[in-house]
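Each remark here refers to the structure printed beneath this line.
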Amino acid sequence: HVLYYVIKDNGKALFTGDTLFIGGCGYFFEGTAAQMYAAMSKIAGLPKDTYLYCGHEYTVSNLEWSQHIEKNNTAITTKLAWAKQQREKGIPTVPAKLEEELQYNVFIRCDEPNVQQLLKTVDDSTGTMKKLREMKNQKMRL
């Protein structure tokens with residue numbers, strides 16, 4: 001996966017292609033959970049006011065699935081309601097700000113203790129990434 005980070009006139013944008021989607025992440029076709037975790041960690045370390053531009057419009061389906069993982073995450077519920085409204089109007093949900101993505105995207109939050117506890121992968125961020133991707137691939141829910 002290739003990502004492009006652009007800074008212009010105090011604006012910051014990350015073009016994530018198929019690595020990061022709003023509320024989700026790409027498949028591990030040629031890579032590993034460790035590599036995707038490392039990529040997500042780098043993304044998470046960018047300035048929080050960075051706008052994220054992904055390659056596909058999967059926001060609603062990503063957040064619907066994420067709701068079944070983190071049932072009590074109000075950021076997911078709020079973003080999902082907004083995304084559904086946008087899509088009903090034919091308006092894209094891209095871009096999103098990194099600051100927001102850090103609140104509702106479980107794939108970029110593999111270090112979060114509550115996410116690890118839910119998946120029974122405590123102290124194993126790479127294991128959390130692997131389990132999340134396997135569950136999403138199989139459309140599994142908690």
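The values are calculated or read from the model by the stated rules, or taken from the named source; none is laboratory data. Just so it is clear, the model here is predicted, and its values are computed rather than measured. Cβ coordinates were reconstructed from backbone atoms using ideal geometry, including for glycine residues, and neighbour counts include every protein chain displayed. These accessible areas exclude ligands, DNA and RNA; they are computed on the full protein's heavy atoms, side chains included. Shrake-Rupley method; radii C 1.70, N 1.55, O 1.52, S 1.80 Å.
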Test result for ILE43, in contact with a helix residue (DSSP H, G or I) (Cβ under 6 Å, 6 or more places away or on another chain), part of a helix (DSSP H, G or I) and open to solvent by less than 10 Å² (accessible area, probe 1.4 Å): no
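Looking at LYS131, LYS120, LYS139, which one is surrounded by 15 or more Cβ atoms within 10 Å (Cβ to Cβ) and more than 30 Å from VAL6 (Cα to Cα)?
LYS131
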Those residues of the range 49-82 which are part of a loop (DSSP other than H, G, I, E, B) and β-branched (Val, Ile, Thr), in sequence order: THR50
Close pairs (8 angstrom Cβ cut-off, 6 or more residues apart or separate chains): basic (Lys, Arg) in the range 52-71, open to solvent by 30 Å² or more (accessible area, probe 1.4 Å) anywhere: LYS71/LEU142
Residue among GLY24, GLY55 that is touching an Asp or Glu at 6+ places or on another chain (Cβ under 9 Å) and under 20 Å from ALA83 (Cα atoms): GLY55
Candidate set from the range 17-40 (those that are outside any loop (DSSP other than H, G, I, E, B) and either touching a His at 6+ places or on another chain (Cβ under 8 Å) or polar (S, T, N, Q) (or both)); member that is most open to solvent (accessible area, probe 1.4 Å): GLN35
Residues within the range 83-117 that are crowded, with 19+ Cβ neighbours inside 10 Å and assigned to a helix (DSSP H, G or I), tallied: 9
Unmet requirement for LYS48, which otherwise passes all of (1) more than 27 Å from ARG141 (Cβ to Cβ); (2) out of contact with any Asp or Glu (no Cβ under 6 Å at 6 or more places or on another chain); (3) open to solvent by 50 Å² or more (accessible area, probe 1.4 Å): (2)
The range 32-48 residues that are in contact (Cβ under 8 Å) with a residue 12 or more places away in the chain and over 13 Å from CYS110 (Cα atoms), paired with ones that are part of a helix (DSSP H, G or I) and open to solvent by 20 Å² or more (accessible area, probe 1.4 Å) (beta carbon under 8 Å, 6 or more apart): LYS48/GLU99; LYS48/LEU102
Neighbours by Cβ (under 6 Å, 6+ apart or cross-chain): first from the range 3-23, closer than 26 Å to VAL106 by Cβ; second at pLDDT 95 or above and exposed (fewer than 15 other Cβ atoms within 10 Å of the Cβ): LYS12/PRO47; ALA13/VAL6; LEU14/TYR5; PHE15/TYR4
Answer residue from the range 51-82, given it is open to solvent by 50 Å² or more (accessible area, probe 1.4 Å) and of a type in the set (Asp, Glu) and is farthest from PHE107 (Cα to Cα) among those: GLU57
Any pair with Cβ under 6 angstrom, 6 or more apart, that starts in the range 116-142 at a residue that is under 20 Å from THR32 (Cβ atoms) and among the acidic types (Asp, Glu) and ends at one that is at pLDDT 95 or above and not in a helix (DSSP H, G or I): none
